[in-house]
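The values are calculated or read from the model by the stated rules, or taken from the named source; none is laboratory data. Small disclaimer: the values here were computed from a predicted structure and weren't measured. Note that each Cβ is placed from the backbone with ideal geometry, even for glycine, and that neighbours are counted across all protein chains shown.
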Amino acid sequence: MTDTTTAPVTVIGLGLMGRALAAAFLRAGHPTTVWNRTTSKAAELVAGGARLATTPGAALAASPLTIICLTDYTAVRDLLGASDVELSGSTVINLTSGDSAQARETARWAEQRGARYLDGAIMAVPPAIGTPDAVILHSGPRPDFEPHEATLAALGTVTHLGADHGLASLYDAAGLAMMWSVLNAWLLGTAMLRTAGVDAVTYAPFARMMAAGVADWLPGYAEQVDAGSFPAEVSALETDARAMTHLIEQSEALGVNAELPRLFKEIADRAIAAGHGGEQYPVLIEEFGRPAP
Ligand code: FVH
């Protein structure tokens, strides 16, 4: 049984992220083989003990586990589909960004060629790799994930979401939806307060408190979404919609951008028009679960 604390690993793709991944494996003591289209990017890693493979095929053959992290899925398929690359018997974890359809299709394509394929999403920036702050999501057959879980732990906080190869990409997209929503809301609030001379740093603690407060509501709201029942225990959607009108009017009066508040109100009004005005805010899941009209 290989000692999983020093199991060999290969990293293909040594961009900003790939180099961080390979460096984390090296620091954790794993014999690490690397390959990159532009060889010069491997220099520091080789100086740090990594082995430079001459071809992608040799890189794959060098370890029981290969992590690939390129610009996009087209690059991944072109590289792994090259005539000199033998996928059969390899375990490939693709940490390249993409969507769930690409993940599922690439899994089918790789498994038809005899590979064990897991898809993944990195919820961190390169400097965080190797620390617990680096959350890395995986999806695909758990029996293919478990033998390498200890090796992957060198990268950060590693999670297996389920057998559906598309899950990691879906979680990634859902996380981006929340990240940009929160950041845009914070920027709108900051723009409003700046009209009164309040700077962003002063506002930040209040914004953090508000974001934490909203996060506290999520478990109860999530239960309502799962149950498909939205009794107005704390506030009815019609009440929220009236507050949205106030937010639009305040934004316009301050001369700040009112596009977001208007969008909030437009979505709420559609649900109210459909008869949901007396239900609680999570009833809007119905509006988000279908394309905008
Ligand atoms: N950097 C980050 O903070 C984010 C965090 C979240 C996840 N992303 C995703 O990670 C993938 C790689 O991102 P990156 O930041 O490392 O990107 P680059 O520094 O541009 O490196 C790209 C590597 O891909 C290689 N490459 C591109 N096309 C090909 C190809 N046709 N054949 C072979 N390799 C290819 C490129 O090679 P080279 O240009 O150095 O020769 C780099 O190794 C990405 O999906 C992010 O969304 C990172």
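If only residues of the stretch 71-87 that are more than 8 Å from the ligand (Cβ to nearest atom) and loosely packed, with under 12 Cβ neighbours inside 10 Å are counted, the one that is modelled with the highest pLDDT is 82.
Just one of 57, 130, 140 is of a type in the set (Gly, Ala, Ser), modelled with pLDDT of 95 or more and more than 16 Å from the ligand (Cβ to nearest atom); which is it? Just a single option satisfies the conditions, and that option is 140. When residue 226 is tested against the conditions (1) touching a Gly at 6+ places or on another chain (Cβ under 6 Å); (2) free of Cβ contacts under 8 Å to residues at least 40 places away in the same chain, the lone failure is (1).
The set of residues from the stretch 92-102 being touching a Leu at 6+ places or on another chain (Cβ under 8 Å) and crowded, with 20+ Cβ neighbours inside 10 Å comprises 92, 93, 94, 95, 96. Among the residues making up the stretch 274-290, those that are assigned to a helix (DSSP H, G or I) and farther than 14 Å from residue 222 by Cβ are 274, 275, 276, 286, 287.
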